[in-house]
Structure formats: C-alpha cells, structure tokens
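Below: one structure, written as structure tokens.
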Amino acid sequence: MQGLIAYFGDLESAWNADAADLIQAGLGLKVVERVVAARKSVNLEQVLEKIQAQNIKVLTWQDREYPPPLKEIDQPPPVLYARGEYLPDDLFAVAVVGTRKVTPYGRQVTEELSSFLASNGITVVSGLARGVDSIAHQAALKAGGRTIGVLGSGVDVIYPPEHAKLVERMMESGVLLSDYAPGVPPDASNFPPRNRIISGLSLAVVVVEAGETSGALITAEFAAEQGREIFAVPGGIYAPQSRGANKLIQNGAQPLLSAQDLMQALDITRIGEHKAARKALPADETEARLLDILGVEPLHVDEIRAQAQLPVEKVSAALALMELKGMVRQVGGMNYVAVGEPAGEYKADKQTADKD
C-alpha cells in the first residue's frame, strides 16, 4: 500500500489506475487481476454513502485525523475506520490491557490505574474485550477522561454485544478505531493483528493480568518492537492470571508497583506543559518554516509548498500534524491559516533572533 501511494500520490489515483500502470507500480499480475475485478463489482460511492450514514469516518495516511503515532510503526494501517473523534490530546495515551478472566486484585489495579491516568490527562487505550479492557475504558470515563477502543471487527460490529452502552459513552469522550471494514464480524484471527494498533497509539503498555497465552502478551511484543515502554503488574506466582505478566517482568518489562512508576517514566506530572508546548512551538525545522509562511490570510497547500521549497508530501504531512496540535487550521479547499497568537509570537521571536 505504501508503495502504491508513493507511486500514484494518493489512494484514489491508485484505485483508478489502469492495469499497465498497476503492474508498473510493482503489483503482480494476479493482484492486478483481482483489483480490476473488484473495481467492476464494488461501487465505492454507494459504500461510502453507507459508511457515512453510520457516522463512520474513513481515515488514510493523508487525513489530518489519522493518529500520528501510527505513522511511526511498521506496517501502519493504510485505512482506519473511526466512530468518535481522535483529538490532539490523544497523542498522550497509555494502553491498559489484560485477561478477560480478571481477579478482584486485577480489577482494583485496573480501576485505580485507569482512573489515575484519565485524571492526569492521559487517554486510556484498550481493546473493549471483557475483563481488564472494559474495566479500563469504564474507569477512564468515570474519571472524566478520554478512552480509545481498538476493535477486532468493524467499528459497527460491537463485540461483546453487552458493551453497546459502554461504546455509546466512549464515542462521546473518545473514539473507536479498527482497520477492519464496517460489517466485518469478530474472528479469532483478527485480534492479534489489531494489537499492534493498541500499542502503536500509546506511549506505554501496561499489562495488568495475563495468562501465559494471553493476547495482552502479543500487545507487549508489538510494544517492544515499536519502542514503547512496557510495564507489567506483579502477581502471585501461583495465580494463572499473573503468569504472563510475571514472565514479562522476568524478561525485562518494568514492574508496575504504583502509579508513581508511570508518572516517573512518562513525566506525567508535566503533561499539561507538554500539551501546551506542542500547540505553541514548532517540533522541527519543517514546522518552523511553515509557521513562518502562514498567517491570517488563507494559503493554498501548493503555494505553501512553493514558498517552503519542500516536497508536497512533506508539507502535507507536517500540516496535518500541525492541525492536530492546534497550530494551523484548514479553512477549505486545502487552504490553511495559522491559529492564534503562538504562531505570531514565534514569528516575532524568530525575526528578533534573525536580527540578533
């Protein structure tokens, strides 16, 4: 998928490309034959109308709401389906995962930890499963925070079904995400791959309770590959629900003995400052250059690219992230303006520095 976008520029052009161009882009003959057949049998406009009728958003790498942390991982989902809204503050997220057969000890730890995270402005990510996952979502919402649920089915297929009311609350203070198309039912084979999204969205993964074959351990494996922090809650050596978590600690995961461990590792005490700084300050030279160009008058992305003298894909990606941070705003037709005073203050400071 990444190769197709790099070759054609966007998914729409790739979908509409003729067979010869698809082969030139690197697809095999059999794959090209399947694409051509699919185009004859699928009416994209009807599919899109059906999705929109269910208030489902379709996000690709080019969309500003596509979660930036997922772009950093190996094999990021080329398409995400969303119900609810992913916000800039969700960049500060921690995954809380574990067994479906949670013990009273695991429930207490999950509730206290998720409540603590939500109260400190951290979005709680989990998989909406029974046990630890659903407890984590509920505790985050009860504390007035945000939570993200990553599904192993279409976002319109709630599993388990008894979580329907929980999902309604989550869409008001969070978002449901899936890389499976609407209508796809839950299947055992769907859940391990979706765990890479849970860890990819998060700064850290906390495994509360997990048996030796728990899916939470797969999430931890993805977290290790993605360079995320891994914590595990120690449990009794004879408790089957703690064998997986204890094994993680034995293999190098950080033991979570209190919420303070997370505070120190993620610098949660300064999370408010981090959020304000992300909105006000450019993260790199590209953002700084774009802030220097943008003002209160709308500029088209092509004009921004020309003035910045940067590749269009780099400008588009930077603008998307800057919009999530609240630094710029798209005002229609791929036209952008700077948002608020921070950009202006930065320009004034920059001009002063240049003169100095």
Notebook entry, point to check: Considering only region 132-163, how many residues are closer than 24 Å to D261 by Cβ, open to solvent by 10 Å² or more (accessible area, probe 1.4 Å) and in contact (Cβ under 8 Å) with a residue 40 or more places away in the chain?
Noted result: 1
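One line per residue, one yes/no per condition, for (1) under 27 Å from G127 (Cβ atoms); (2) part of a helix (DSSP H, G or I); (3) modelled with pLDDT under 85:
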| site | (1), (2), (3) |
| --- | --- |
| A20 | no, yes, yes |
| L27 | no, no, yes |
| Q46 | no, yes, yes |
| Q52 | yes, yes, yes |
| L59 | yes, no, no |
| P76 | yes, no, no |
| A82 | yes, no, no |
Note to self: Condition check: at pLDDT 90 or above and either in contact with a strand residue (DSSP E or B) (Cβ under 6 Å, 6 or more places away or on another chain) or surrounded by 14 or more Cβ atoms within 10 Å (Cβ to Cβ) (or both). Does V32 satisfy that?
What the structure shows: no
Note to self: Between a residue in region 71-90 that is more than 18 Å from N190 (Cα to Cα) and any residue that is crowded, with 19+ Cβ neighbours inside 10 Å and aromatic (F, W, Y), which pairs come within a Cβ distance under 7 Å, given they are 6 or more apart or on different chains?
What the structure shows: K71/W61
Note to self: Anything in region 167-216 that is of a type outside the set (K, R), part of a helix (DSSP H, G or I) and buried (at least 23 other Cβ atoms within 10 Å of the Cβ)? List them, or say none.
What the structure shows: M170, N195, I197, I198, S199, G200, G215, A216
Check: What number of residues in region 109-128 are at pLDDT 95 or above and more than 14 Å from V206 (Cβ to Cβ)?
Finding: 1
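The values are calculated or read from the model by the stated rules, or taken from the named source; none is laboratory data. Here the structure is a predicted model, which means the values were calculated and not measured. With ideal geometry, Cβ positions are generated from the backbone for all residues, glycine too; neighbour counts draw on all protein chains shown. SASA here: full protein model, heavy atoms, side chains in, ligands and nucleic acids out. Shrake-Rupley method; radii C 1.70, N 1.55, O 1.52, S 1.80 Å.
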